[in-house]
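Taken together, the values in this text are just the output of simple stated rules run on the coordinates, not laboratory data. Note that the structure is a prediction, hence the values are computed from the model and not measured. Here the Cβ positions follow ideal geometry from the backbone for every residue, glycine too, while neighbour counts run over all protein chains shown.
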Amino acid sequence: MNYQHPELQASLAGEYVMGTLHGRARQRFEHLLEEDARLREQVRYWQQRLHPLTDRIAPIVPPISIWQQIAVRVGMGDEREHRSWIQRLGLNIPTLWPAAGVCLLVIAIAVVMLLPRPVAFDVDYSASIHNEQQQRLWDIAVDIQHQQLRLSPVAITSRGDTSVYELWLLPGDGTAPQSLGLLPTNDTVVIALSASIAWATANGLAVSIEPAGGSPTGLPTGPVVYQAAITAVNGS
Amino acid sequence: MDVNNRQLAEWLMACTLSDKRAFARLYTATSPKLYGILVALLKNRTDADEALQETYLNIWKNAASYNPERGEPMAWMSNIARFRALDLLRKQTTRRRYEDDYQQTVSHDDRQLLAIDEHSDGGVLENCIQRLQEQARRCVIMAYCEGYTHEELSHKLDAPIGTVKSWVRRSLKRLRECIHELSAP
């Protein structure tokens with residue numbers, strides 16, 4: 001069978017998505033999928049096109065026990081009250097926010113003040129953050145050798161209140177995101193980086209909206225508004 | 001992308017940052033739809049319960065692989081659920097799904113779908129589905145929504161398996177042509 005034939009590819013992809021391809025034929029197809037980008041595109045086409053058929057299926061509210069089991073498996077414990085670990089310790093988040101914000105601000109200022117002026121910036125990884133209209137908001141550049149991160153606003157204005165944009169790295173191993181700092185809205189900022197950041201395997205970058213000074217918990221607390229892929233420059 | 005889908009996409013993005021509250025909201029908003037799909041496919045509540053758990057764990061772990069440019073969040077999540085159910089179905093050596101006291105949850109009544117916007121993806125697909133011959137249309141809906149294999153369709157529709165395979169293959173070809181025709185600007 002010539003699996004490169006477009007009509008056969010379209011037909012097999014359709015049957016795969018419908019579910020009528022099974023047994024060895026399904027296994028063989030899944031093997032081909034790993035190697036053939038055109039075939040993957042065909043599968044995406046049918047997944048998107050046939051999806052409205054699910055409107056024919058009546059929704060059913062699942063038993064509450066299923067969510068409880070999922071919550072335990074993702075490490076949420078008893079999420080009925082949606083309490084964070086800091087709340088469970090009896091600490092009051094609103095009173096901690098200003099203190100955490102001031103600490104982060106002092107650290108950020110100290111880092112910027114103490115950083116020697118870079119004589120060069122060799123870009124090893126880059127990313128651009130766009131809004132839904134595909135307007136470029138920030139350019140991000142990473143210099144591994146000098147352990148620097150450059151954050152350049154392109155078309156972004158401050159939020160008009162005390163909240164800020166915070167940049168996060170999404171580790172490739174699925175662990176918690178790592179804060180890369182607050183995103184500037186006026187001038188380009190260069191900040192020092194931790195050597196332990198695994199840029200090569202990262203899943204990308206994300207931007208969340210946080211209270212003044214940045215996330216008080218070390219994890220995103222506000223809505224995630226943008227996401228971007230990281231590109232290796234010169235085969236980094 | 002409409003408001004509802006935009007909200008789902010935001011929650012999915014938040015999941016990539018391990019935002020468990022967003023995940024809880026995503027579950028609340030989408031689990032009835034996904035559970036309905038799983039029950040329709042598996043026809044067995046015990047299997048559907050297990051598949052729903054696995055589906056959401058998969059969504060939680062792989063939220064970063066969702067790309068808004070390649071489709072709506074609900075389609076992405078529904079496909080995770082469907083493939084989970086299809087994997088389970090194909091592994092079953094016994095026909096467990098026929099032993100359960102399953103109640104019909106899939107509509108084969110086309111009249112109730114007339115209210116769909118004819119220019120939406122759903123409207124275009126339904127329009128094209130209506131153009132198929134009745135038996136071929138039933139094959140597509142029963143295979144996609146209820147997970148029937150060629151053999152099971154042959155038995156259900158009392159038609160030779162070769163005929164069923166031909167209905168399915170030709171239906172896909174006609175659907176593709178029709179979607180292309182109706183989606184053209």
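Numbers below:
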item: Neighbour-count order for B:Lys173, B:Lys91, fewest beta carbons within 10 angstrom listed first; result: B:Lys91, B:Lys173
item: Over segment B:3-99, relative contact order from alpha-carbon pairs under 8 Å, at least 6 apart, %; result: 36
item: Length-normalised contact order for segment A:6-56 - Cα pairs under 8 Å, 6+ apart - percent; result: 42
item: A:Ile230, A:Ile144 arranged by Cβ crowding within 10 Å, fewest neighbours leading; result: A:Ile144, A:Ile230
item: Packing-based exposure ordering (other Cβ within 10 Å, fewest first) of A:Ser194, A:Ser126; result: A:Ser194, A:Ser126
item: Segment B:14-70 and segment A:1-80: distance between their alpha carbon centers, rounded to Å; result: 13
item: Within straight-line cross-link reach of B:Lys61, lysines at Cα separation under 30 Å, skipping those fewer than 8 residues along the same chain; result: B:Lys20, B:Lys33, B:Lys43, B:Lys91
item: Nonlocal amide H pairs with A:Gly181, under 5 Å, H built at 1.01 Å; result: A:Leu167
item: Unit charges on C-beta of K, R, D, E only; dipole of segment A:122-232, Debye; result: 100
item: Amide hydrogen neighbours beyond the local backbone of A:Val74, cut-off 5 Å, H modeled; result: none
item: In Hz, Karplus ³J(HN,Hα) per residue of segment B:19-30 (6.51, -1.76, 1.60; θ = phi - 60°; x = Gly, Pro); result: 7, 6, 5, 5, 4, 4, 5, 4, 4, 4, 6, 10
